[in-house]
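Remarks on the structure that follows.
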Amino acid sequence: MQTRSLVFLFGSALLSLSTGAGAVTSPPPSAKVQLGQAEPFCNSGVPSEWRKAQVIEGVNIQESRVCNADNPADIAAFVKGTNNISMQTIMDTSSLAADAITKTNDMDGDGDPDHIIIKVEIMEVNGHSPDFAGVVPTFDIAPGIQPSFWVFAPKTRDMSTRSFASVEANPMLRMPSAPIRVEQGDVVWLVVENTHYFPHSIHLHGVDHPFMDHGGEGNDGVGQTSQMDIMPGQSKTYVIRPRQPGTMYYHCHVQPHTHIPMGLAGMFIVEENRPNNWVQTFNVGAGQVRHPSVAVLEKFSQEYDLHYQSVDKDLHKLPQAANDPRLIARAMNQEYDITDATDDYFLLNGRSFPYTLRESLITVNPNEKIKLRILNGHTETLALHTHGHKATETHYDGVEQNPSAQVTRDVYMMAPAQRLDLSINTTDDGLHSFGSGIWMFHDHVERSFTTDGMGEGGSISLIVYKSYLDENGTPKTHGMDLTPYFTKEFWERKIPVWQDWADDWGSLAEPAGIQTAAAASVTGTTGVKSAPDVVATDTSSNPLGSLFNGLLFGIAGYVLYLYRERVLAVINQLASQAKGKH
């Protein structure tokens, strides 16, 4: 009885000592983590005139209300062809080459050209530089995030950067590879000039094209069956005359498990044939089509291209690790295993939130119909959800659905490489639209609205009624401040998500003096320093840690009591042995 009492007293004393220490320890104060330099919502430097509806070279260009509006001179060149515009307009473009788009021969006599020559180059952005530690030319998908990409881009006349003093990519060189438009029945020569260091090709996925061209060469873009890949420094012309309209797809078919995710994929749209139908050949950056086709304008007031993509950051680091094509080829073709890949970045038209809000807004007025062309360029299923609206599915993979099968819904499932045409009706009837406002649209696969695991991010964007936009394309939000999302520090996991809009005590801010295991891991693996006023500390001063230690001591005392006879026997035996030695 005396032994039992001693054991319990010993354990209880240790437990009381530890929990008592915790009881007098105040919880740590909340630390205010200072934001880094936040970018303004719109810092594109785009002249306000670019956003206005206007006519250039006889081309009607619709208004664009977004921050990063397209250069109207580019649109005029894409519609008329670089051979049918003035030298001044060519010089006003974003460095388009004089032979980038040639349009001639009205073969059917309906007032528009029917022989179209389109030239594209294969370029790298955010690639390795032998001259300095950074990447060049740069293209940020979100603040401070620069994965490498390869893109099909309209042929340009100048440098890959904006200027000698800049490392930022020329506006023509960007994600996604530009949507290409032609008219049904056009004779199209698609010329690929391989200015890259790897072999490439183009496969016209879903586009009506012959297996062999008129010269007896392969025309399907598959090296194993159709035609040898386009080697660096060489060019290849694909010849088509598409008989069926619709939203199609084009992509590289060389090592497609890596070349497609690297960015060598884009939308290919065949517009319905109409008289005097000069279509916008390129829509660089996707988003709003500022010169819709005649057939589109028969039913819709606006048209948008939406290209969704996903990025495994481990793949996109490989071209940044070396400047030797042999080393990059070995890393990508032999060492990289896509079956172990995990998508980290999710893009809409080449950007992640918040940059999606600068150029991929769908801006609408009440009582209008808008056409959306959507490509799932992900490696997994996409579940597109529109807030405040239920759109109608009109086409799948470029094929119009029977009117009785055109379902109206608010989530649209798409397999990889699949295309979907949607009709959005902004009539406020409680079905097609719930009324004016700022309505989100996004991929409802939850990983897709994160950026490297941080939310909110990914491919989020907005359907915004124009009364909710200011003159610079900034939505007049009625919720939380978006400023933290425009800092590098937020995406480096330094900024508590809710520190600026919690209670006065800051109960959702950063606890001063405590660093979580996750934060320590980020610091250790990426070199990111701890945020100001947030430092690692000894967890023994933590009340929870003290309580845990006390519980351990109490459990140890209880175990000693249960096995007291065995313990005393061992102690007595050891004591006898020690006495015998003496």
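Quick look at the values:
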{"read-out": "Segment 478-497: number of residues that are part of a loop (DSSP other than H, G, I, E, B) and either among the aliphatic types (A, V, I, L, M) or at pLDDT 85 or above (or both)", "value": "9"}
{"read-out": "Residues within segment 432-449 that are among the polar types (S, T, N, Q) and either more than 13 Å from the chain's Cα centre (by Cα) or modelled with pLDDT of 95 or more (or both), tallied", "value": "2"}
{"read-out": "Test: residue in segment 213-229 that is of a type outside the set (S, T, N, Q) and within 22 Å of the chain's Cα centre (by Cα)", "value": "no"}
{"read-out": "Test result for Val528, assigned to a loop (DSSP other than H, G, I, E, B), modelled with pLDDT under 95, touching a helix residue (DSSP H, G or I) at 6+ places or on another chain (Cβ under 6 Å) and surrounded by fewer than 19 Cβ atoms within 10 Å (Cβ to Cβ)", "value": "yes"}
{"read-out": "Among residues of segment 306-346, those that are closer than 21 Å to Val136 by Cα and either in a loop (DSSP other than H, G, I, E, B) or open to solvent by 30 Å² or more (accessible area, probe 1.4 Å) (or both), counted", "value": "13"}
{"read-out": "Segment 77-123, residues that are surrounded by 18 or more Cβ atoms within 10 Å (Cβ to Cβ), farther than 30 Å from Asp229 by Cβ and without any contact (Cβ under 8 Å) to a residue 24 or more places away in the chain", "value": "Ile90, Thr93"}
{"read-out": "Residue match in segment 59-69 (condition: of a type in the set (Ser, Thr, Tyr) and open to solvent by 20 Å² or more (accessible area, probe 1.4 Å))", "value": "no"}
{"read-out": "Residue check for Thr195: touching a strand residue (DSSP E or B) at 6+ places or on another chain (Cβ under 8 Å), under 24 Å from Pro292 (Cα atoms) and not small (Gly, Ala, Ser)", "value": "no"}
{"read-out": "Subset of segment 486-502 (residues that are open to solvent by 50 Å² or more (accessible area, probe 1.4 Å) and either over 10 Å from Gly36 (Cβ atoms) or without any contact (Cβ under 8 Å) to a residue 12 or more places away in the chain (or both))", "value": "Arg493, Val497, Trp498, Asp500, Trp501"}
{"read-out": "Any hit, segment 298-305, residues being in contact with a helix residue (DSSP H, G or I) (Cβ under 8 Å, 6 or more places away or on another chain), open to solvent by 10 Å² or more (accessible area, probe 1.4 Å) and not in a strand (DSSP E or B)", "value": "no"}
{"read-out": "Flag for Pro275 being open to solvent by 40 Å² or more (accessible area, probe 1.4 Å) and either at positive phi or in a loop (DSSP other than H, G, I, E, B) (or both)", "value": "yes"}
{"read-out": "Any hit, segment 334-350, residues being of a type outside the set (S, T, N, Q), closer than 27 Å to His432 by Cα and within 17 Å of the chain's Cα centre (by Cα)", "value": "yes"}
{"read-out": "Condition met for Asp74 (modelled with pLDDT of 95 or more, part of a helix (DSSP H, G or I), under 18 Å from Arg181 (Cβ atoms) and among the charged types (D, E, K, R))", "value": "yes"}
{"read-out": "Test set (1) assigned to a loop (DSSP other than H, G, I, E, B); (2) open to solvent by 20 Å² or more (accessible area, probe 1.4 Å) - Gly435 fails condition number", "value": "(2)"}
{"read-out": "Of all residues in segment 149-177 being crowded, with 24+ Cβ neighbours inside 10 Å and among the small types (Gly, Ala, Ser), the one that is nearest to Val135 (Cα to Cα)", "value": "Ala169"}
{"read-out": "Test: residue in segment 225-242 that is of a type in the set (Phe, Trp, Tyr), in contact with a strand residue (DSSP E or B) (Cβ under 9 Å, 6 or more places away or on another chain), open to solvent by less than 30 Å² (accessible area, probe 1.4 Å) and within 18 Å of Lys119 (Cβ to Cβ)", "value": "yes"}
{"read-out": "Residues that are polar (S, T, N, Q) and under 29 Å from the mean Cα position of the chain (by Cα), drawn from segment 64-123", "value": "Ser64, Asn68, Asn71, Thr93, Ser94, Ser95"}
{"read-out": "Pairs, first closer than 12 Å to Gln227 by Cβ in segment 191-211, second assigned to a loop (DSSP other than H, G, I, E, B) and among the hydroxyl-bearing types (Ser, Thr, Tyr), C-beta under 7 Å, six or more apart", "value": "Phe211/Ser226"}
{"read-out": "Residues within segment 25-44 that are closer than 10 Å to Phe486 by Cβ and touching a Pro at 6+ places or on another chain (Cβ under 7 Å), tallied", "value": "2"}
{"read-out": "Matching residues, segment 201-224, being surrounded by fewer than 19 Cβ atoms within 10 Å (Cβ to Cβ) and in contact with a Cys (Cβ under 9 Å, 6 or more places away or on another chain)", "value": "none"}
{"read-out": "Qualifying residue in segment 167-182 (condition: in a strand (DSSP E or B), modelled with pLDDT of 95 or more and not charged (D, E, K, R))", "value": "yes"}
{"read-out": "Sole residue being touching a Phe, Trp or Tyr at 6+ places or on another chain (Cβ under 8 Å) and closer than 30 Å to Glu471 by Cβ, chosen from Ala69, Ala73", "value": "Ala69"}
{"read-out": "Test: residue in segment 278-290 that is basic (Lys, Arg), touching a residue at least 40 places away in the same chain (Cβ under 8 Å), in a loop (DSSP other than H, G, I, E, B) and open to solvent by less than 10 Å² (accessible area, probe 1.4 Å)", "value": "yes"}
{"read-out": "Qualifying residue in segment 387-394 (condition: at positive phi, modelled with pLDDT of 95 or more and buried (at least 23 other Cβ atoms within 10 Å of the Cβ))", "value": "no"}
{"read-out": "Matching option when the condition is in contact (Cβ under 8 Å) with a residue 24 or more places away in the chain and surrounded by 22 or more Cβ atoms within 10 Å (Cβ to Cβ), among Glu359, Glu368", "value": "Glu359"}
{"read-out": "Selection from segment 248-258 of residues that are over 17 Å from Leu190 (Cβ atoms) and open to solvent by less than 10 Å² (accessible area, probe 1.4 Å)", "value": "Thr258"}
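The values are calculated or read from the model by the stated rules, or taken from the named source; none is laboratory data. Quantities reported herein were computed from a predicted structural model and do not represent experimental measurements. Neighbour counts are summed over all protein chains in view; Cβ atoms, including those assigned to glycine, are modelled from backbone coordinates with ideal geometry. With ligands, DNA and RNA removed, areas are computed over all heavy atoms of the protein, side chains included. Shrake-Rupley method; radii C 1.70, N 1.55, O 1.52, S 1.80 Å.
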